[in-house]
Amino acid sequence: MNNATELAKKKADLAPKHIEAWRNFSRTVFKEGALDEKTKQLIAVAVAHVTQCPYCIKSHTPQAMRKGASKEEIMEAIWVAAAGRASSAYTHAAIAVDAMEGNTEEGLYPKATPEMARKKADLAPKQVEAWRTFSNSVFRAGALDEKTKQLIALGVSHVTQCPNCIKGHTKTAKLKGASNEQMMEAIWVASEMRAGAAYAHASIAMEEMEKHSH
């Protein structure tokens, strides 16, 4: 038994009921349904780059390839994740602009209005223009079609926890032909990946436990 296998066994042995329930959850999520397994694995690869889980990236990249994803498709999925993170940060700038103006009204999220969009853009116009060009490039059909990219983005936006991104990508995915069932399955992939990333990183905790066990 190599070190990685031994460590995985030790992790499982500490909470066997939980690991079995999670494995069942994972199998259910990645089983073909409204979305095929290849699309689910592409969503997983993208989300893994948002959770920044190296274990997950190493696991789901070859799984995506086994399900038929090309290297180009995988890289485009990763770029959707990158664009999603950028969009989430910029979208939340509305909260900062609100605070800059001394707005003390209740509620964390200012309304997404044309006026707020203009205020944000006017503070850094060159950056906004570059971001728009970047985002348009990422979401244009390439190795992946636009519908698949929007489904990936929908999964990503649930991990970046960006309400406006979720609303935007839900609407656009629908326009590109995604069904409600497909969108919900994409969201469940994101959910499973967050759980998986947390459990995968338990290996680090296990190593520390081993150092301090007596």
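Here, each number is a calculation from the coordinates, and none is a lab measurement. As the structure is a prediction and not an experimental result, all values here were calculated from the model. Backbone-built Cβ (ideal geometry, glycine too); neighbour counts: all protein chains shown.
Cut-off 10 angstrom, C-alpha nodes, Gaussian network model of the chain. Which of Gln63, Gln161, Gln127 fluctuates the most?
Gln127
In nm, to one decimal, how far is the Met65 label point from the Lys126 one, both placed 7 Å along Cα→Cβ?
4.0
Note down the nm distance, to one decimal, between modelled labels 7 Å out along Cα→Cβ at Lys171 and at Ala82.
Label-label distance for Lys171 and Ala82, simple model: 2.7 nm.
Determine which aspartates and glutamates satisfy two conditions relative to Lys176: a Cα distance under 20 Å, and not lying fewer than 8 residues away in the same chain.
Output for Lys176: Asp36, Glu37, Glu73, Glu76, Asp145, Glu146, Glu185.
On a 21 Å Cα-Cα criterion, which of the cross-link pairs Lys10/Lys40; Lys9/Lys58; Lys31/Lys67 come out too long?
Violating the 21 Å limit, Cα to Cα: Lys10/Lys40.
Ranking Val50, Val80 by Cβ neighbours within 10 Å, fewest first, what do you get?
Ordered by Cβ neighbours within 10 Å, fewest first: Val50, Val80.
Nearest 500 deg cm²/dmol is fine: what mean residue ellipticity at 222 nm does the chain get from its DSSP H runs of n ≥ 4 alone, each adding -39,500 (n - 2.57), divided by its residue count?
Only helices count here, giving -25500 deg cm²/dmol.
Starting from segment 1-109, pick out the GluC sites (Glu not before Pro) whose DSSP state is loop and whose Cβ has at most 13 other Cβ atoms within 10 Å.
Here the sparse-neighbourhood loop sites are Glu32, Glu101, Glu105, Glu106.
Which shape class applies to segment 69-204: rounded if a/c is under 1.5, otherwise prolate when a/b exceeds b/c and oblate if not, where a ≥ b ≥ c are the square roots of the Cα gyration tensor eigenvalues?
Prolate shape, in that a/c is at least 1.5 and a/b is the bigger ratio.
For segment 4-56, what does the alpha-carbon gyration tensor say about shape, rounded, prolate or oblate, given a ≥ b ≥ c as the root eigenvalues, a/c under 1.5 as rounded, and a/b over b/c as prolate?
The shape class here is oblate.
Between Met75 and Leu14, how many nm apart are label points set 7 Å from Cα along the C-beta direction?
3.9
For Lys119, list the lysines whose Cα falls under 22 Å from its own Cα; do not include residues on the same chain fewer than 8 positions away.
Candidates past the 8-residue exclusion: Lys111, Lys167.
Loop-only check: which trypsin sites (Lys or Arg not before Pro) in segment 110-164 are DSSP coil with at most 14 other Cβ within 10 angstrom?
Counting only loop positions with at most 14 other Cβ atoms within 10 Å, the trypsin sites (Lys or Arg not before Pro) in segment 110-164 are Lys111, Arg140.
Taking only the C-alpha atoms, wrap a convex hull around segment 107-167 and report its volume per residue in Å³ as a whole number.
104
Assuming R0 = 30 Å, can you tell me the calculated FRET efficiency for the pair Ala117 and Asp145, based on Cβ-Cβ distance, to the nearest 0.05?
0.60
Could you name the aspartates and glutamates whose alpha carbon sits less than 18 Å from that of Lys17, not counting residues in the same chain fewer than 8 places away?
Glu192
Out of all Cα-Cα pairs in segment 124-214, roughly what percent, to the nearest whole number, are more than 18 Å apart?
The proportion of pairs with Cα distances above 18 Å equals 58 percent.
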